[in-house]
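Have a look at the structure below before the remarks.
The values are calculated or read from the model by the stated rules, or taken from the named source; none is laboratory data. Keep in mind that this is a model prediction, so the values were computed, not measured. Quick reminder, even Gly has a Cβ in these numbers, built from the backbone with ideal geometry, and neighbours come from all protein chains shown. With ligands, DNA and RNA removed, areas are computed over all heavy atoms of the protein, side chains included. Shrake-Rupley method; radii C 1.70, N 1.55, O 1.52, S 1.80 Å.
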Amino acid sequence: MALRIETFSNATGGSSVFKAAGHPLAAPLAGALVERLEAAGPVALYDPYGHLGTFAELYDLRGVEIAGLYVQDVDKVGSELLGHAARPVTELPSGGARAVLVAAFDADRPAANIAHLVPAGAEVLSFDAIRLPAEMMSDRRNYLAGINWATNFVFFRDGGGRHTRLVTANYWAAYGGKAGQRLWCRLFDADGAVLAEWTDPMPEANATVVVDSAAVRARFGLPEFTGSLFIHVLGAAGHDVVKYALDTYGDGPEELSCTHDANAWPADYYAGVPAPRDGERVLLWVQNSHPCAIPAGAIGINPMGRDDRFAAHPHAVPPFGTVALDVGALMPDIRWPQQFEVVAGRHFVRPRYEVLAASGRTRIAHANVERTDTRPDPRLPQLGGLMGKGFILPAPVLPVDRFATTALPTPMARSQAMLPIKALLFDATGRQVAEHRFGALARRDSVALEVDAWMAETGATLPSGRGHMEIVYDWEAGDQGDGWLHAIFRYEQRQGGHGAETSFGSHIYNTVLTYRNEPQSYAGRPPGLTTRLFLRLGRDGHDAFCCLVYPNSTPWHAASETDLILHAADGREVARVRVAIPASGSHLFRASQTFAPDDLAAAGPDAYVLIRDLTCRLFGYHGLMAGEAAFSLDHMFGF
């Protein structure tokens, strides 16, 4: 029961149709349009661009008397939708319609093209009836332009001493965004009811944007809530992706986690959700991202690699509602290090999961989109002479005297039947000290690698006391690979027991040769050989920290030339520190130990650090430290 809507593909990018049709402001207008169609009598549905199917998935058209379905593309003649076979639009005059729906935005042109075919006296309607106000559009000439739909969902809750805080920067202004940019927000409770709605002006270019649940609750006098915050950047430019860091923090220091943006395009599947240990609960937070309910039984989980063991969520989820799926209750016999695949059916954006430990501590992390469009690439095993290590998945090994580090490889594409991989362990100085060969892991295999045990077995040491690992392909173990390596990385304090985890995928790093879209560049064509990362600083005694990794697919510069640039909340540069990270090495730093106290004081609250390097591509992980009580960690984003 997956939604048959186009959301995102790596070939065409993100779709705006479902965003425009399903926007919270469009939903009541769409309901009124459906009522008009129901009252209009026999309605001819003209679908010139193939957008009608998405609308019909989001809104119930069963009460509309349909006179016929018509298309302009002759290759679409005979295709079926809503129980009707598509006919050429030239047959519209003979259909007996009393109304015509032109299933398009910016419908003047397609409507004019068929004006001579519309039956006399028939009312002509279109999706322009559900348009958002023009002042909300960045590109008013093309309603479906991606830049008009810089939207995202945020897991948002406040209550019981627990809060959430979104932090990003106005990077759209730096891309040429015009004055008057605004942030439109609507907060939904768990049942999808609207708790609050507001529009705030965006700050100046590169200034910090903060939305804090405690402040929102006080501003609108709200009760405790758990739900979804929908955000829409008005006046966006250059980038239609809304990136943010999301901190979950508490009145006490023990509550602390961080994740990042939810990815605005709902997917068919997600993966990277760990099974609970004995004594733990794992809650999967599902945010219905559409104005239609998720039917009972439409979503659920499989043990990874076991499609035959689907466990469905037995209840419907209301439009824009939020629900927690207890994966242990749905699948009580599955335990860590096993992991789950989430069957999402394009109903919701990338979900977060929450681990509730037996100690009472919690941690929140995110799943990742499991791709349905990749296949094993037979060329990858042959590229070693050109691309060296090729695809690398780097992750920190935090100071071993204070933290235990574990990696769990995760299939992240439906086509991945086998993963021939190995792990390489590096000291912070860039020296490789150990190798672990997983062999060729089958899809259903879940094999966790504990760094403590790895080092004990190999006799390896980390002279710096810290470093990083890289998961790469092992072509001696097998020849199936698609470049889409993923893993869950789990970190646990040796004292106190607080934990954090993150997951990410591989890329090719720091080689001038390109293969397909790698080394990836977010701001232009590959190769991506520079760094621009955002590190938000903490509030209320939380100290921001960051681990920067300098991975190399082929030999590159011996050391990085990395600037750590402290900015005040208004975007002003306050201080700058340069560090040199050795090739294949890493750099772990804390804001309080990197910048002078006077500079941090001058930067003030909601300051951030921009990590900039024009010589190489770094990968980063960031978090907050609450003294020795707790910490958070996730991978970073750039813009």
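With all protein chains kept in place, the per residue accessible area of the chain amounts to 37 square angstrom at a probe of 1.4 angstrom. In a fully extended conformation the segment linking R375 and D278 would gain 31.3 nm over its present Cα-Cα distance, using 0.36 nm per residue. Both numbers refer to the Cα atoms of the stretch 328-396; Rg and Dmax are 17.7, 51 Å. Looking at the stretch 220-261, the pairs of alpha carbons with a distance over 15 Å make up 64% of the total. Taking 37 °C and 0.692 mPa s as the conditions, I'd like the Stokes-Einstein D for the stretch 431-480 in µm²/s, using the Kirkwood hydrodynamic radius from alpha carbon pairs. Translational D for this selection: 260 µm²/s. The value given for the stretch 552-639 is a Kirkwood hydrodynamic radius of 14.4 Å, derived from the mean inverse Cα-Cα separation. Per-atom-type breakdown for the stretch 430-482 gives carbon and sulfur 41% of the accessible area (1.4 Å probe, protein chains only).
Relative to the Cα centre, the charge distribution of the stretch 261-410, modelled as +1 at Lys and Arg Cβ and -1 at Asp and Glu Cβ, gives a dipole magnitude of about 280 debye. The residues packed around G68, meaning those with a beta-carbon under 9 Å from its beta-carbon, carry a net charge of 0 if Lys and Arg are +1 and Asp and Glu are -1.
Per-atom-type breakdown for the stretch 51-145 gives carbon and sulfur 47% of the accessible area (1.4 Å probe, protein chains only). Averaging 1/r over every pair of different alpha carbons in the stretch 252-295 and inverting the result gives a Kirkwood radius of 14.0 Å.
Protection proxy ranking, highest mean first, for peptides 419-429, 148-158: 148-158, 419-429, where packing is the per-residue count of other beta-carbon atoms within 10 Å, averaged.
Legend: P(r) of the stretch 333-482 from all alpha carbon pair distances, 10 Å bins from 0, whole percents, reading 9, 33, 35, 20, 3, 0. Work the Kirkwood hydrodynamic radius out for the chain: mean of 1/r over every pair of different alpha-carbon atoms, inverted, in Å. Averaging 1/r across every pair of different Cα atoms and inverting gives 26.0 Å. Taking Cα centre as origin and charging only the Cβ of basic (Lys, Arg, +1) and acidic (Asp, Glu, -1) residues, the dipole magnitude of the chain rounds to 640 debye. Divide the volume of the convex hull around the Cα atoms of the stretch 505-574 by the residue count and you get 129 Å³ per residue. Scaled against the 2.2 N^0.38 Å expected of a compact globular protein of N residues, the Cα radius of gyration of the stretch 221-335 reads 1.24. Rounded to a whole number of µm²/s, how large is the Stokes-Einstein D of the stretch 152-246 at 4 °C and 1.567 mPa s, given Rh as the Kirkwood radius over C-alpha pairs? After rounding, the answer is 94 µm²/s.
Within the stretch 529-546, what residues put their amide N at less than 17 Å from the label point 7 Å along the Cα-to-Cβ vector of T554? Residues 529-530 qualify, since their backbone N sits under 17 Å from the label point.
The calculated P(r) of the stretch 1-106, using every Cα pair and 10 Å bins from 0, goes 14, 45, 33, 7, 0 in percent. Relative protection proxy for 71-77, 611-617, 213-219, 262-268, from highest mean packing down: 262-268, 611-617, 213-219, 71-77 (other beta-carbon atoms within 10 angstrom). Helical content alone sets the calculated 222 nm signal of the chain at -2500 deg cm²/dmol, taking -39,500 (n - 2.57) per DSSP H segment of four or more residues and averaging over every residue.
Straightening the chain between L29 and K178 buys 50.8 nm, computed as 0.36 nm per residue apart minus the Cα-Cα spacing.
Listed by chain and number, the aspartates and glutamates whose C-alpha is less than 13 Å from the C-alpha of K178, apart from same-chain residues fewer than 8 away, are E135, D139, E204. Structural descriptor for the stretch 76-188: relative contact order 17 percent, calculated from alpha carbon pairs under 8 angstrom and at least 6 residues apart. With the simple spin-label model, which puts each label point 7 Å out from Cα in the Cβ direction, the D599 to A580 separation comes to 1.9 nm. Residues Y46, Y175, ordered by accessible area of protein heavy atoms at a 1.4 angstrom probe radius and largest first, appear as Y175, Y46. Charged neighbours of G13, selected by a Cβ distance under 11 Å, balance to -2 (K, R count +1; D, E count -1).
Summing charges over all other residues whose Cβ lies under 13 Å from the Cβ of G328, with Lys and Arg as +1 and Asp and Glu as -1, gives -2. If I model a spin label at R335 and A629 as a point 7 Å from the Cα along the Cα→Cβ vector, what separation in nanometres do I get? Once both label points are built, they end up 3.2 nm from each other. Only Lys, Arg, Asp and Glu carry charge here, each on its Cβ (+1 for the first two, -1 for the last two); on that basis the stretch 36-163 has a dipole of about 240 debye about its Cα centre.
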